[in-house]
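Colleague: The structure's right below; bear with me while I get my questions together.
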Amino acid sequence: MTPLEILLQNYPQLADCKAEIEHAAQIVIACQEQGGTLFTCGNGGSCADADHISGELLKGFCKKRPMAKEEREALAAKSPDVAELLSTRLQQGLRCVSLMNFPGAGSAVRNDLGGELDVAQVLYALGRSGDVLLGISTSGNAKNVRYAVAVARLKGMKVLGMTGEGGGTLAQLADVAICVPSRETYRIQEYHLPIYHALCRMVEDHFFAE
């Protein structure tokens with residue numbers, strides 16, 4: 001079974017989100033194929049989700065993703081003292097940055113520019129055309145996520161949203177909005193986790209055979 005089939009088997013109540021999940025995976029895959037970066041953001045539990053997603057993509061998730069042969073050979077030639085260690089332990093990663101993991105920059109922005117601009121400022125500095133922003137907001141109305149979406153649009157990035165029933169502003173502005181069938185924050189978050197696990201598996205399966 002595919003990751004999406006497994007997700008819908010375990011959570012049949014998410015059947016109405018199937019097309020959006022497939023489309024979101026296609027957008028992330030296209031971004032990665034072009035050397036782009038997936039940026040993630042959210043608040044509270046969704047901040048933890050943003051970090052969680054980056055962790056699944058930056059290293060092996062369900063597959064080991066061993067270093068490519070040409071990289072192992074180059075490492076042996078350039079750094080023979082550590083080549084064995086690194087070439088057998090490092091895993092190939094996919095470009096993903098959680099915008100919530102910049103405490104120094106974030107504190108400077110909050111002090112100098114205003115607390116709800118921290119995510120937008122970091123994305124403004126790092127984002128490029130062809131990158132993708134995944135904003136996570138259970139209400140769909142988080143201001144810092146909204147500002148990040150505006151910056152993503154400015155930069156020529158695609159925008160994905162994960163939110164709850166109704167979707168709020170985020171669902172209106174995203175290229176693809178995955179709106180789960182609940183209005184309760186904790187339930188929305190419970191749905192978000194298996195969805196982004198399935199997304200990460202779909203992307204990983206595309207790039208890595210084992």
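Colleague: Each label point is 7 Å from the Cα along the Cα-to-Cβ direction; what then is the distance between the points at ALA74 and GLU33, in nm?
Modeller: 2.3
Colleague: Also: In nm, what is the difference between 0.36 nm times the number of residues separating TYR124 and SER182 and their Cα-Cα distance?
Modeller: Between TYR124 and SER182, full extension yields an extra 17.7 nm.
Colleague: Rounded to the nearest 0.05, what FRET efficiency do GLU165 and ALA19 give with R0 = 22 Å and r taken as the Cβ-Cβ distance? Could you check?
Modeller: Calculated transfer efficiency: 0.85.
Colleague: Taking the Cα atoms only, what angle lies between the long axis of helix 103-112 and the longest principal axis of the chain, rounded to 10 degrees?
Modeller: 40
Colleague: How far, in degrees from 0 to 90, does helix 185-207 lean away from the longest principal axis of the Cα atoms of the chain, to the nearest 10?
Modeller: Between helix and principal axis, roughly 30 degrees.
Colleague: Lysines within cross-link reach of LYS155: Cα-Cα under 25 Å, excluding same-chain residues under 8 positions apart?
Modeller: Result set, ordered by chain and number: LYS143.
Colleague: While we're on this one: For the chain, just the Cα set please: Rg and Dmax, both in angstrom.
Modeller: 17.9, 56
Colleague: Please work out how much length the chain gains when fully extended from ASP205 to VAL82, using 0.36 nm per residue of separation minus the C-alpha to C-alpha distance, in nm with one decimal. Don't jump to the answer; show the numbers that get you there.
Modeller: On the way: separation 123, 0.36 × 123 = 44.28 nm, distance 2.95 nm.
So the chain would gain 41.3 nm between ASP205 and VAL82.
Colleague: How many nm separate the modelled label positions at ARG95 and LEU113, each set 7 Å beyond the Cα in the direction of the Cβ?
Modeller: About 2.1 nm separates the two model spin labels.
Colleague: State whether the range 8-53 is rounded, prolate or oblate according to the following rule on the C-alpha gyration tensor (a ≥ b ≥ c being the square roots of its eigenvalues): a/c under 1.5 gives rounded; otherwise a/b larger than b/c gives prolate, and the remaining case gives oblate. Numbers along the way, then the final one.
Modeller: Values: a/c = 2.94, a/b = 1.16, b/c = 2.54.
Since a/c reaches 1.5 but b/c is at least a/b, the shape of the range 8-53 is classed as oblate.
Colleague: Using all alpha carbons of the range 117-210, what is the percent of pairwise distances in each 10 Å bin, ordered from the shortest bin to the longest?
Modeller: 18, 42, 33, 7, 0
Colleague: For helix 18-33, report the angle its Cα long axis makes with the longest principal axis of the Cα atoms of the chain; keep it between 0 and 90° and round to the nearest 10°.
Modeller: It is inclined by approximately 40 degrees.
Colleague: Along the charge dipole of the chain, Cβ charges K/R +1 and D/E -1, which of MET67, GLY35, GLY161 sits furthest on the positive end?
Modeller: GLY35
Colleague: If the chain between ARG153 and GLU5 were fully stretched, how many nm would it gain, using 0.36 nm times the residue separation less the Cα-Cα distance?
Modeller: Extra length available between ARG153 and GLU5 comes to 50.1 nm.
Colleague: Same structure, new question: May I ask you to list the aspartates and glutamates whose Cα is less than 13 Å away from that of LYS64, ignoring any residue fewer than eight positions away on the same chain?
Modeller: Excluding near neighbours in sequence, the set is GLU56, GLU204, ASP205, GLU210.
Colleague: Could you give me D for the range 1-105, from Stokes-Einstein at 10 °C and 1.306 mPa s, where the hydrodynamic radius is the Kirkwood radius over C-alpha pairs? Units µm² s⁻¹, please.
Modeller: The estimated diffusion coefficient comes to 97 µm²/s.
Colleague: Counting DSSP beta bridges with both partners in the chain, what percentage is antiparallel, nearest 5?
Modeller: Values: 1 of 17 bridges.
Counting DSSP beta bridges with both partners in the chain, the antiparallel share is about 5 percent.
Colleague: Going 7 Å from the Cα of MET67 in the Cα-to-Cβ direction, what parts of the range 79-100 have a backbone nitrogen less than 17 Å from that spot?
Modeller: It comes to 79-94, nothing else.
Colleague: Nearest 20 debye, what's the magnitude of the dipole of the chain about its Cα centre given +1 on Lys and Arg Cβ and -1 on Asp and Glu Cβ?
Modeller: Working: 20 positive and 24 negative charges, 61 e Å.
So the dipole magnitude of the chain works out to roughly 300 debye.
Colleague: Send over the Kirkwood Rh of the range 41-161, from the inverse of the averaged 1/r over different Cα pairs, rounded to one decimal Å. All intermediate terms of the calculation are to be shown ahead of the outcome.
Modeller: On the way: mean 1/r = 0.0619 Å⁻¹.
Taking the inverse mean of 1/r over all distinct Cα pairs, the range 41-161 comes out at 16.1 Å.
Colleague: I've got another one for you. Under the rule of -39500 (n - 2.57) per DSSP H run of 4 or more residues, summed and divided by the residues of the chain, what mean residue ellipticity at 222 nm is obtained, to the nearest 500 deg cm²/dmol?
Modeller: Here the helix-only value at 222 nm equals -17000 deg cm²/dmol.
Colleague: Still on this structure: To two decimal places, what compactness ratio does the range 165-207 give when its Cα radius of gyration is scaled by 2.2 N^0.38 Å?
Modeller: Ratio of Rg to 2.2 N^0.38 Å for the range 165-207: 1.31.
Where a number appears in this text, it was derived from the coordinates with a stated rule and is not lab data. Since the structure is predicted, the reported quantities are computational estimates derived from the model, not experimental observations. Counting neighbours? That spans all protein chains shown, and the Cβs are built from the backbone with ideal geometry, glycine included.
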